[in-house]
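The values are calculated or read from the model by the stated rules, or taken from the named source; none is laboratory data. Small disclaimer: the values here were computed from a predicted structure and weren't measured. Heads up, the Cβs are rebuilt from the backbone with ideal geometry, glycines too, and the neighbour counts pull from every protein chain shown. For accessibility, only protein heavy atoms count, side chains too; no ligands or nucleic acids. Shrake-Rupley method; radii C 1.70, N 1.55, O 1.52, S 1.80 Å.
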Amino acid sequence: QVIKCKAAVLWEANKPFSIEEVEVAPPKEHEVRIKIMATGICRSDDHVVTGALAMPFPIILGHEAAGVVESVGQGVTSIKPGDKVIPLFVPQCGECKSCLNTKGNLCSKTDLGTSAGLMPDGTTRFTCKGKAIYHFLGTSTFTEYTVVHESAVAKIDSAAPLEKVCLIGCGFSTGYGAALQTAKVEPGSTCAVFGLGGVGLSVVMGCKAAGASRIIAVDINKDKFAKAQELGATDCINPKDFNKPIHEVLMEMTGGGVDYSFEVIGRTDTMTAALACCQNNYGVSVIVGVPPAAQKITFDPMLLFTGRSWKGSIFGGWKSKDAVPKLVADYMKKKFVLDPLITHTLPWTKINEGFDLLRTGK
């Protein structure tokens with residue numbers, strides 16, 4: 001059956017979301033239709049609104065969510081109606097090069113980088129006012145019901161609170177894994193984290209969990225410092241308080257640079273600063289923030305020649321289908337907290353207010 005429900009449709013860039021009635025088609029073979037119970041707002045969604053991340057319109061955004069399976073298509077065996085699940089914007093097909101490699105997690109079935117906005121079979125499951133609506137990253141969670149491919153959904157503990165564990169669908173896992181999986185932060189090391197949004201705070205938590213002895217949090221919004229310290233930051237610095245480049249400040253503070261640095265903003269100038277502030281021979285810098293479209297980085301190659309490593313991290317380096325249920329289980333065992341990452345809970349018809357809160361750093 002086609003389901004008629006409400007969704008937040010973005011008809012064009014730089015416009016507010018419009019709450020519309022949409023038709024959601026039933027799941028095809030190897031697809032799953034999910035009732036979304038909770039969804040987070042992420043800066044990557046806003047990048048589509050502003051045009052920094054190029055996507056086709058009209059589109060239903062949202063990629064950080066949790067819900068309950070409503071129905072499944074033919075051939076779906078791993079998931080049944082009533083299961084609690086988290087949609088995965090990085091799927092895990094188990095067959096492509098990245099899935100088969102122990103070091104890889106960016107499944108070739110992801111829509112990231114292709115920006116096709118369609119299901120794997122090249123069609124959409126959403127229509128509104130007679131028009132086809134595009135999907136976002138194979139998830140599209142700003143809707144009461146969505147359809148995802150079986151490779152892009154993880155079954156989780158039925159006791160998990162969906163309004164909290166939805167963060168494991170993107171922000172928390174991305175930051176926490178950047179420290180634990182991508183950088184592999186070691187006990188006793190020194191870390192710098194640029195950007196203290198939900199993902200940056202999750203990096204701080206990952207560095208602390210890994211046993212880092214010093215975690216320097218960097219942000220131009222000092223209102224973020226108290227929470228960063230609560231989650232494990234040992235120092236908080238505001239680049240606006242110094243009249244010299246922030247990488248020089250960090251070099252001096254640490255006597256020659258940090259062991260690990262993380263850029264969790266998505267700006268090219270902070271990416272190069274994060275690289276420059278890590279130790280010149282064995283320092284590792286990880287890019288976690290989504291890079292802006294059509295921008296290039298210029299840097300002195302001597303920064304790398306002396307031995308630094310520059311890495312990227314997608315979804316925290318986790319193999320999504322394997323890791324998400326385990327991360328939810330760890331949350332249930334109180335191995336980490338999610339409450340401090342949740343600043344506001346709104347009815348989803350107030351989605352535009354939610355984005356305003358994001359844009360003002362609240």
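Residue under question is VAL90, and the condition is that it be within 26 Å of LEU327 (Cα to Cα), at pLDDT 95 or above and part of a loop (DSSP other than H, G, I, E, B); does it hold? Yes, satisfied. For the stretch 45-67, the set of residues classified as assigned to a loop (DSSP other than H, G, I, E, B), surrounded by 18 or more Cβ atoms within 10 Å (Cβ to Cβ) and touching a Phe, Trp or Tyr at 6+ places or on another chain (Cβ under 7 Å) consists of MET55, PRO58, ILE60, LEU61, GLY62, HIS63, listed by residue number. Screening MET271 against (1) assigned to a loop (DSSP other than H, G, I, E, B); (2) without any contact (Cβ under 8 Å) to a residue 60 or more places away in the chain; (3) on the phi < 0 side of the Ramachandran plot leaves a single unmet condition, (1). Of all residues in the stretch 233-259, those that are outside any loop (DSSP other than H, G, I, E, B) and more than 16 Å from CYS191 (Cβ to Cβ) total 5.
Looking across the stretch 4-34, the residues that are out of contact with any Ser or Thr (no Cβ under 9 Å at 6 or more places or on another chain) and farther than 27 Å from ASP356 by Cβ come down to LYS4, GLU29, GLU31. Within the stretch 104-128, if we keep just the residues that are modelled with pLDDT under 95 and of a type in the set (D, E, K, R), the residue that is farthest from the chain's Cα centre (by Cα) turns out to be ASP121. Looking at LYS321, LYS334, just one residue is within 29 Å of ASP46 (Cβ to Cβ) and open to solvent by 50 Å² or more (accessible area, probe 1.4 Å), and that residue is LYS321.
The set of residues in the stretch 126-137 that are free of Cβ contacts under 8 Å to residues at least 40 places away in the same chain and part of a loop (DSSP other than H, G, I, E, B) contains only GLY130. Scan the stretch 298-335 for residues that are touching a residue at least 40 places away in the same chain (Cβ under 8 Å) and among the β-branched types (Val, Ile, Thr) and the total you get is 3. Can you say whether PHE262 is part of a loop (DSSP other than H, G, I, E, B), aromatic (Phe, Trp, Tyr) and within 28 Å of ILE168 (Cα to Cα), as far as the supplied structure shows? Judged against the criteria, PHE262 is not a match.
Among the residues making up the stretch 24-44, a single one is among the charged types (D, E, K, R) and either at pLDDT below 95 or in contact with a Lys or Arg (Cβ under 7 Å, 6 or more places away or on another chain) (or both): ARG43. Looking at (1) under 22 Å from GLY316 (Cβ atoms); (2) buried (at least 24 other Cβ atoms within 10 Å of the Cβ), which is the one condition that is false for PRO187? It fails just one condition, (2).
Scanning the stretch 146-201 for residues that are part of a strand (DSSP E or B) and among the small types (Gly, Ala, Ser) yields a count of 2.
Within the stretch 40-61, being in contact with a helix residue (DSSP H, G or I) (Cβ under 9 Å, 6 or more places away or on another chain) and under 21 Å from ILE265 (Cα atoms) holds for GLY40, ILE41, CYS42, ARG43, ASP45, ASP46, VAL49, ALA52, LEU53, ALA54, MET55, LEU61. Among the residues of the stretch 246-284, those that are open to solvent by 10 Å² or more (accessible area, probe 1.4 Å) and charged (D, E, K, R) comprise GLU248, GLU252, ASP259, ARG267, ASP269. For the stretch 52-77, the tally of residues that are more than 17 Å from LEU112 (Cβ to Cβ) and either over 17 Å from the mean Cα position of the chain (by Cα) or among the acidic types (Asp, Glu) (or both) stands at 13. Here CYS42 fulfils each of the conditions (1) open to solvent by less than 40 Å² (accessible area, probe 1.4 Å); (2) in contact with a strand residue (DSSP E or B) (Cβ under 9 Å, 6 or more places away or on another chain) apart from (2). Determine whether ASN238 is in the same structural domain as LEU196 (by the TED database), surrounded by fewer than 17 Cβ atoms within 10 Å (Cβ to Cβ) and within 20 Å of MET205 (Cα to Cα). For ASN238, the condition - in the same structural domain as LEU196 (by the TED database), surrounded by fewer than 17 Cβ atoms within 10 Å (Cβ to Cβ) and within 20 Å of MET205 (Cα to Cα) - is met. Give THR141, THR102, THR114, THR123 a once-over and let me know the one that is among the hydroxyl-bearing types (Ser, Thr, Tyr) and either in contact (Cβ under 8 Å) with a residue 12 or more places away in the chain or assigned to a strand (DSSP E or B) (or both). None of the others qualify; the one that does is THR141.
Of all residues in the stretch 285-318, those being among the polar types (S, T, N, Q) and open to solvent by less than 30 Å² (accessible area, probe 1.4 Å) number 2. Counting just the residues of the stretch 337-362 that are assigned to a loop (DSSP other than H, G, I, E, B) and β-branched (Val, Ile, Thr), which one comes out most open to solvent (accessible area, probe 1.4 Å)? Within the stretch 337-362, the match that is most open to solvent (accessible area, probe 1.4 Å) is THR345.
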